[in-house]
1. Do we find that residue 234 is of a type in the set (A, V, I, L, M, F, W, C), under 28 Å from residue 449 (Cα atoms) and in contact (Cβ under 8 Å) with a residue 24 or more places away in the chain in this structure?
2. Given the criteria modelled with pLDDT of 95 or more and open to solvent by 20 Å² or more (accessible area, probe 1.4 Å), does residue 230 qualify?
3. Of everything in segment 174-215 that's part of a strand (DSSP E or B) and of a type in the set (Phe, Trp, Tyr), which residue is surrounded by the most Cβ atoms within 10 Å (Cβ to Cβ)?
4. Can you name the residue in segment 1-37 that is modelled with pLDDT under 90 and assigned to a helix (DSSP H, G or I) and is also nearest to the chain's Cα centre (by Cα) among such residues?
5. Does any residue of segment 87-97 turn out to be modelled with pLDDT under 90, assigned to a loop (DSSP other than H, G, I, E, B), open to solvent by 20 Å² or more (accessible area, probe 1.4 Å) and touching a strand residue (DSSP E or B) at 6+ places or on another chain (Cβ under 7 Å)?
6. For residue 372, state whether it is at pLDDT below 85, polar (S, T, N, Q), in contact with an Asp or Glu (Cβ under 8 Å, 6 or more places away or on another chain) and open to solvent by 40 Å² or more (accessible area, probe 1.4 Å).
7. From the list 449, 407, which residue is within 30 Å of residue 267 (Cα to Cα) and in contact (Cβ under 8 Å) with a residue 12 or more places away in the chain?
8. Is it the case that segment 381-398 has a residue that's assigned to a strand (DSSP E or B), within 30 Å of residue 68 (Cβ to Cβ) and under 35 Å from the mean Cα position of the chain (by Cα)?
Amino acid sequence: SLGFQDALSPGRTSPVTSYKQLQGWSSDQTKWNDKLYPVWEEGDPRWKDCWKGGRVTAKLDTDSPALVGSNVTFVVSLQFPKCQKEDKEGNIIYERNCTQDPPASQDQQLYVYNWTEWIDNCGLENCTSNHSHNVFPDGRPFPRYPGWRRRNFVYVFHTFGQYHQTTGRSSAKFSVNTANITLGKHVMAVSIYRRGHAAYVPIARASAIYVVTDKIPIFVSMFQKHDRNISDSIFIKDSPITFDVKIHDPSYYLNNSAISYKWNFGDGTGLFVVSSSSTSHTFTLQGNFTLNLTVQAIIPVPCRPVTPTAPLPTSAVTAGASSNSDSSTTVESMEDNPDGGCHIYRNGYYKNGISVVEGILEVNIIQMMSIQMTESQAENSLVDFVVTCQGSLPTDVCTVVSDPTCQVSKSVVCDPIVVTDECLLTIRRAFEEPGTYCINITLGDDTSQALASALISVNGGSSSGTTEGVFIFLGLLAVFATIGAFVLYKRYKQYKPIERSTGQAENQEGLTAYFSNFKAIFFPSSTERNPLLKSKPGIV
């Protein structure tokens with residue numbers, strides 16, 4: 001007779017293997033009712049007619065990898081042919097105003113499958129076949145919780161030599177505890193049947209690979225406000241890097257565990273053990289470094305008798321100490337807690353190489369001057385910005401002119417520059433119309449980028465026109481990641497980087513301001529990363 005193993009893996013035979021029992025699951029050596037649930041192999045022509053209007057596909061997702069002992073969750077979703085969907089009663093209907101034939105009537109809903117009508121016209125007491133129809137492939141009756149008769153699909157899951165069956169609508173979700181699942185990769189398969197008049201009809205199959213591991217799954221993200229491209233693993237010297245550790249634990253298995261994070265940044269500063277998932281570190285030397293992180297969780301579990309076999313080592317043994325994560329057995333270390341309970345240790349590991357280089361750490365606008373023009377040059381107002389920076393020498397400069405709120409960009413100009421000695425340059429910018437503007441000046445090199453901002457008021461471009469009211473310099477700093485060249489527009493608009501001139505200030509009427517105090521007052525620890533400001537600066 002046909003068994004679950006044959007029905008759920010048609011055309012394939014596997015040796016009978018002894019598996020640990022999964023809670024709520026049954027052995028796939030159980031007999032399968034192939035009269036009520038027919039089994040079709042791939043390529044069977046009956047698949048073409050199993051659903052009106054086309055084929056149904058199934059997608060099976062999982063939140064794997066799962067730490068052994070935790071739950072791994074699976075979600076299967078059905079995707080119907082075009083213009084078909086499930087309604088609130090669980091029936092399959094044609095969507096209105098859809099181009100697929102047959103067109104939906106504006107006055108009457110058209111059904112692909114009106115299972116509500118089937119069930120209502122054939123109650124449990126009126127149809128002789130109904131008692132046998134509301135059972136699973138192994139003969140067990142459907143669970144009769146509220147709304148059970150509106151669940152018109154049967155899902156049969158298969159893994160680890162066992163099966164699990166449930167009813168549902170167009171999607172189903174369930175979780176499996178991994179305590180009795182061996183470490184490594186496994187396949188979860190699902191077969192889906194729909195309700196039919198005389199029998200259930202197979203409509204789709206799907207499968208997904210899931211992983212059970214004794215290593216805590218961890219992900220580490222790194223951020224540095226001076227870094228131009230965080231994805232290239234190149235960071236800036238003398239600027240803090242923030243490391244944020246995410247533990248993949250969707251079933252909250254580690255919620256009551258004591259978790260510690262042991263860092264070795266590879267720069268000779270030693271080991272750092274912290275209890276927070278987020279930490280920062282500043283590299284003071286240039287070079288290549290290897291980061292090593294060990295995350296340890298002490299998990300409280302109920303105590304159980306220990307079989308007197310090989311004695312445990314005197315030191316704390318971790319379940320994740322073995323380098324072979326594909327082992328077929330799970331090794332657990334238990335030690336008594338002071339409160340009389342027991343616990344096990346699990347470890348997670350992270351290793352990554354990074355490079356630390358010199359970068360641009362700070363940009364300051366130390367002077368702003370209006371340029372007096374003749375009548376023939378009065379079309380635009382010109383302003384010179386004297387800029388300095390700290391760290392490496394820049395190779396390109398961008399100016400962004402925005403509205404007074406620093407939210408809406410009006411123009412962007414970027415150009416390469418050559419600075420050979422001291423980071424001191426003058427940038428001339430033309431303004432076609434009078435008004436108040438937010439100015440962002442960004443200096444960058446291949447690995448870093450820093451920003452300074454100011455708010456200025458520009459009068460008309462006549463011979464007597466000047467730039468008045470140079471307002472608060474915001475002193476905001478942000479250094480971004482880059483992938484090669486600037487992503488800003490390369491647009492020229494009467495932009496001219498000029499050399500510092502000793503006699504220039506004597507012949508020009510201008511306004512000069514120094515802004516270092518304003519930076520300390522208004523933005524003592526700015527972490528702005530965008531080229532435009534996110535809040536309206538103050539004005540003095």
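The values are calculated or read from the model by the stated rules, or taken from the named source; none is laboratory data. None of these values were measured; they are calculated from a predicted model. A quick note on method: Cβ atoms are made from the backbone with ideal geometry, for glycine too, and the neighbour counts reach across all protein chains shown. Side chains included, ligands, DNA and RNA excluded: accessible areas come from the protein's heavy atoms. Shrake-Rupley method; radii C 1.70, N 1.55, O 1.52, S 1.80 Å.
1. Considered against the rule, which asks whether it is of a type in the set (A, V, I, L, M, F, W, C), under 28 Å from residue 449 (Cα atoms) and in contact (Cβ under 8 Å) with a residue 24 or more places away in the chain, residue 234 comes out as yes.
2. no
3. 193
4. 8
5. The answer is yes; a qualifying residue exists.
6. yes
7. 449
8. Looking for residues that are assigned to a strand (DSSP E or B), within 30 Å of residue 68 (Cβ to Cβ) and under 35 Å from the mean Cα position of the chain (by Cα), one finds none in segment 381-398, hence no.
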